[in-house]
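The values are calculated or read from the model by the stated rules, or taken from the named source; none is laboratory data. Keep in mind that this is a model prediction, so the values were computed, not measured. Here the Cβ positions follow ideal geometry from the backbone for every residue, glycine too, while neighbour counts run over all protein chains shown.
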Amino acid sequence: MSHATHTALRRAALASAFVLLAAPALRAQATSPKFGVIDVQEIVTESETGKKVFAQLESFGKDKQTELDGKRKEIEDLRAKLEAGKNTLAEAKVKEMADQIEQKGIALDRALDDAKREFNRRQQELLGQIEQKVLPIITQIGKEGAYTFIFRKFDSGLIYAEETSDITKMVIQKLDAAQAAGGK
């Protein structure tokens, strides 16, 4: 066998070996990526964990509303007193009551701003806790389901996704199961 023939056979054997070794990798690249989507709003509103968070926020909101309503009532009562006694009260007393109304109004505005800030802070904190519980579940579902990508349905710029790619219900089921098992 000539040297040229031997080299040609050797190259052909190497090329065949390369094709055989590379075939699985090429096949893996040829498969389509698997996409999943989650609806964060649905997870928050439909899961037991999310319902618990909403109950806490609603309770806080009602407590603050009661507090603010009490302050509003004080102002209304003071205004009614001022209006009723405007013609009979001394000018100094009218001015004093008007100043009290103004100060209580400013205090009410501050209390309202503080309540909004506190509500938003609590909401972010509680939603962050949900996210910390949900992310490992999404990762688990992604690995078990061989998902290449999982997107937030409405926060990712996604315009369309087939309903079969929505894994929200699966996430809620696993989150609720973790909650029932003592995961808080």
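Can you tell me how many residues within segment 79-108 are among the hydrophobic types (A, V, I, L, M, F, W, C) and in contact (Cβ under 8 Å) with a residue 24 or more places away in the chain? Quick ask: steps written out before the conclusion?
Just the residues of segment 79-108 that are among the hydrophobic types (A, V, I, L, M, F, W, C), to begin with: 80, 82, 84, 89-90, 92, 94, 97-98, 101, 106-108.
Next cut, in contact (Cβ under 8 Å) with a residue 24 or more places away in the chain only: 101, 107-108.
Within segment 79-108, residues that are among the hydrophobic types (A, V, I, L, M, F, W, C) and in contact (Cβ under 8 Å) with a residue 24 or more places away in the chain number 3.
List every residue pair whose Cβ atoms sit under 6 Å apart, with the two residues 6 or more apart in sequence or on different chains, where the first one lies in segment 117-139 and is under 15 Å from ALA177 (Cα atoms) and the second, anywhere, is among the polar types (S, T, N, Q) and in a helix (DSSP H, G or I).
ILE130/THR49
Return a yes/no flag: does segment 79-88 have any residue that is among the β-branched types (Val, Ile, Thr), surrounded by 14 or more Cβ atoms within 10 Å (Cβ to Cβ) and in the same structural domain as ASP113 (by TED's automatic domain parsing).
no
Could you go through segment 125-134 and let me know if any residue there is over 18 Å from SER47 (Cα atoms), out of contact with any Leu (no Cβ under 7 Å at 6 or more places or on another chain), exposed (fewer than 14 other Cβ atoms within 10 Å of the Cβ) and in the same structural domain as VAL44 (by TED's automatic domain parsing).
Taking segment 125-134 and keeping what is over 18 Å from SER47 (Cα atoms), we get none.
No: segment 125-134 contains no residue that is over 18 Å from SER47 (Cα atoms), out of contact with any Leu (no Cβ under 7 Å at 6 or more places or on another chain), exposed (fewer than 14 other Cβ atoms within 10 Å of the Cβ) and in the same structural domain as VAL44 (by TED's automatic domain parsing).
Of the conditions (1) out of contact with any strand residue (DSSP E or B) (no Cβ under 6 Å at 6 or more places or on another chain); (2) assigned to a helix (DSSP H, G or I); (3) not polar (S, T, N, Q), ASP155 satisfies every one except a single condition; which number is it?
(2)
Residues checked against (1) at positive phi; (2) modelled with pLDDT of 90 or more; (3) in the same structural domain as VAL134 (by TED's automatic domain parsing); (4) touching a helix residue (DSSP H, G or I) at 6+ places or on another chain (Cβ under 9 Å):
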| residue | (1), (2), (3), (4) |
| --- | --- |
| ALA8 | no, no, no, no |
| LEU14 | no, no, no, no |
| ALA23 | no, no, no, no |
| THR45 | no, yes, yes, yes |
| GLY50 | no, yes, yes, yes |
| VAL53 | no, yes, yes, yes |
| GLN65 | no, yes, yes, yes |
| ASP77 | no, yes, yes, no |
| LYS95 | no, yes, yes, no |
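Could you list all residues from segment 34-50 that are farther than 17 Å from LEU135 by Cβ and in a helix (DSSP H, G or I)? Before the answer, list the steps.
At the first step, the residues of segment 34-50 found to be farther than 17 Å from LEU135 by Cβ are 34-35, 45-46, 48.
Once the filter is applied, which keeps residues that are farther than 17 Å from LEU135 by Cβ and in a helix (DSSP H, G or I), segment 34-50 yields THR45, GLU46, GLU48.
I want to confirm something. Restricting to segment 35-78 and keeping residues that are in contact (Cβ under 8 Å) with a residue 40 or more places away in the chain and of a type in the set (Gly, Ala, Ser), which single residue is farthest from GLU118 (Cα to Cα)?
GLY36
Residue pairs, Cβ under 7 Å, 6 or more apart or interchain, first in segment 158-183 and of a type in the set (S, T, N, Q), second not in a helix (DSSP H, G or I). List them.
Pairs found: SER165/PHE35; SER165/GLY36; SER165/VAL37; THR168/ILE38; THR168/ASP39.
Could you look through segment 158-184, keep only residues that are outside any helix (DSSP H, G or I) and more than 19 Å from the chain's Cα centre (by Cα), and pick out the one that is surrounded by the most Cβ atoms within 10 Å (Cβ to Cβ)?
Taking segment 158-184 first, the residues outside any helix (DSSP H, G or I) are 158-162, 166-167, 184.
With the extra rule that they be more than 19 Å from the chain's Cα centre (by Cα), the set shrinks to 159-162.
Values: ILE159: 5, TYR160: 6, ALA161: 15, GLU162: 8.
It comes out as ALA161.
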